[in-house]
Amino acid sequence: MRSYDIGVIPGDGIGPEVAREGNKVLETVAAIEGFQYKLVEYPYSGEYYLKTKELVPESVIDEWRTLDAVLLGAIGHPDVEPGLVERSVILGLRFGLDLYINLRPIKLYAEHLCPLKDKGPADIDFVVVRENTEGLYSQIGGHLKKGTPDEVALVNGVYTWKGCERASRYAFELAVRRGKERGENTRPRLTLVDKANALRPHDIWTRAYEHVAQDFPEVETDHAYVDACCMWMIKNPEWFDVIVTTNMFGDIITDLGAMLQGGMGIAASGNIHPGKTSMFEPIHGSAPKHAGKNVACPLGAIGAVAMMLDFLGETGAAARTEAAVSGLLKSGAVPSADARSGIATSEMGDMVVARLEAA
Ligand code: IPM
Ligand code: MG
């Protein structure tokens, strides 16, 4: 029987609550599709750091490399210095496992979740490929004369040919795959999003993208500066098919994208190195104000499970999970994909499970 070793990092705040629902769904689809898995739980979080002063040790990163995938709930604690634990756990995974793609689908499942006037599910269905191991996240920089009037702070954007090339290639391949799945006569389109007018070295992206484009004549190439991209995402989201962009811009535009899908509670992501251990997480944070109240929306975490299943090659299970979420939202039973839906976190998980079992 097919079997997988899956690491789980429930994390902080609403993380453990939404991860629990993700696991419920995983258990149900595994039984239906007939595969097995072993969960290995890891305690790393802000909460754990406050108790033990321990961040992720190097040996654990090595251990993660031996797993098939890792599921993460959310990381971030109000009593811990901002970013300390996020850098250790989230960036520890992204950099440590060289998860160079951050895949973020932006898909509106149901009309009533759409915040835009005169737009609907037919208009909002694209994917952001966010480069995930360099750019402004490279952690190269620091302070000089900190705390004095002469203070200098440097944040360096690092872009390598290899990084731009492999992210572009992944995005072109994805565009081709999506085009085939749609099976229409429309050409797949890949939009490069950068800021190469003001930040001239960003033209490494322009050149790497154009270089890779030669291998994909069937894909229509397109370009937008990041500010214009934000505008188009609201004005004409139907123009986008696949976007490839830098780490920082991908972070920003996918929060905007999450709102187009119905809210932070529903957006899922995969931190991927094709063929190697990859990590899947909802894109929302730990939302301390909603923690422990059983009100957070678990659909992002459940979507992350679906993305993991697809990555593992369990495409049947992935499609079932996505269909269950999509069906639930289309049914109108979930008024909003956030903490104000009036549906408890655990109840929403049960609703997805019930749909899986009934299908
Ligand atoms: C995300 C988050 C992270 C990021 C934070 C928590 C470090 O915002 O996954 O989008 O900036 O990448
Ligand atoms: Mg973000």
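The values are calculated or read from the model by the stated rules, or taken from the named source; none is laboratory data. All of these numbers come straight from a predicted model, not from anything done at the bench. Cβ: placed from backbone, ideal geometry, glycine included. Neighbour counts: every protein chain shown.
Inspection of the range 159-173 identifies no residue that is within 16 Å of ligand 2 (Cβ to nearest atom), surrounded by 12 or more Cβ atoms within 10 Å (Cβ to Cβ), at pLDDT 95 or above and within 16 Å of the chain's Cα centre (by Cα).
Is there a residue being part of a loop (DSSP other than H, G, I, E, B), within 16 Å of ligand 1 (Cβ to nearest atom), closer than 20 Å to residue 191 by Cα and at pLDDT 95 or above anywhere in the range 240-252? The answer is yes, given that some residue of the range 240-252 is part of a loop (DSSP other than H, G, I, E, B), within 16 Å of ligand 1 (Cβ to nearest atom), closer than 20 Å to residue 191 by Cα and at pLDDT 95 or above. Within the range 62-86, the residues that satisfy the criterion of being surrounded by fewer than 18 Cβ atoms within 10 Å (Cβ to Cβ) and within 17 Å of residue 137 (Cβ to Cβ) are 82, 83, 84.
Scanning the range 129-144 for residues that are of a type in the set (Val, Ile, Thr) and touching a Leu at 6+ places or on another chain (Cβ under 8 Å) gives 129, 133. For the range 160-195, a residue qualifies if it is in contact with a helix residue (DSSP H, G or I) (Cβ under 9 Å, 6 or more places away or on another chain), of a type in the set (Gly, Ala, Ser) and over 19 Å from residue 233 (Cα atoms), and the qualifying residues are 163, 167, 168. Checked against the criteria, residue 38 does not count as of a type in the set (Lys, Arg), part of a helix (DSSP H, G or I) and in the same structural domain as residue 285 (by TED's automatic domain parsing).
Residues in the range 295-325 that are among the aliphatic types (A, V, I, L, M) and either closer than 19 Å to residue 34 by Cβ or at pLDDT below 95 (or both): 305, 306, 308, 309, 312, 317, 318, 319, 323, 324. The requirement of being within 15 Å of ligand 1 (Cβ to nearest atom), among the β-branched types (Val, Ile, Thr), assigned by TED's automatic domain parsing to the domain that holds residue 339 and buried (at least 21 other Cβ atoms within 10 Å of the Cβ) is not satisfied by residue 25.
Selection over the range 212-235 of residues that are without any contact (Cβ under 8 Å) to a residue 24 or more places away in the chain and closer than 18 Å to residue 105 by Cα gives a count of 1.
When residues in the range 258-275 are screened for being within 11 Å of ligand 1 (Cβ to nearest atom) and either of a type in the set (Lys, Arg) or over 13 Å from residue 303 (Cα atoms) (or both), 1 of them pass. Checking 89, 56, 60, 127 one by one, the residue that is in contact with a strand residue (DSSP E or B) (Cβ under 7 Å, 6 or more places away or on another chain), away from ligand 1 (no atom under 13 Å from the Cβ) and under 29 Å from residue 160 (Cβ atoms) is 127 and no other. Going residue by residue through the range 64-72, is there one that turns out to be assigned by TED's automatic domain parsing to the domain that holds residue 14, within 16 Å of ligand 1 (Cβ to nearest atom), touching a residue at least 40 places away in the same chain (Cβ under 8 Å) and closer than 21 Å to residue 261 by Cβ? Yes, that holds for at least one residue.
Of everything in the range 265-286 that is within 13 Å of ligand 2 (Cβ to nearest atom) and over 11 Å from the mean Cα position of the chain (by Cα), the residue that is nearest to residue 136 (Cα to Cα) is 285. Scanning the range 309-359 for residues that are surrounded by 15 or more Cβ atoms within 10 Å (Cβ to Cβ), of a type outside the set (A, V, I, L, M, F, W, C) and either in a loop (DSSP other than H, G, I, E, B) or touching a strand residue (DSSP E or B) at 6+ places or on another chain (Cβ under 6 Å) (or both) yields 314, 336, 338, 341. Please go through the range 106-155 and pick out each residue that is closer than 22 Å to residue 255 by Cα and free of Cβ contacts under 8 Å to residues at least 12 places away in the same chain. If the condition is that a residue be closer than 22 Å to residue 255 by Cα and free of Cβ contacts under 8 Å to residues at least 12 places away in the same chain, then 111, 117, 118 are the ones that fit.
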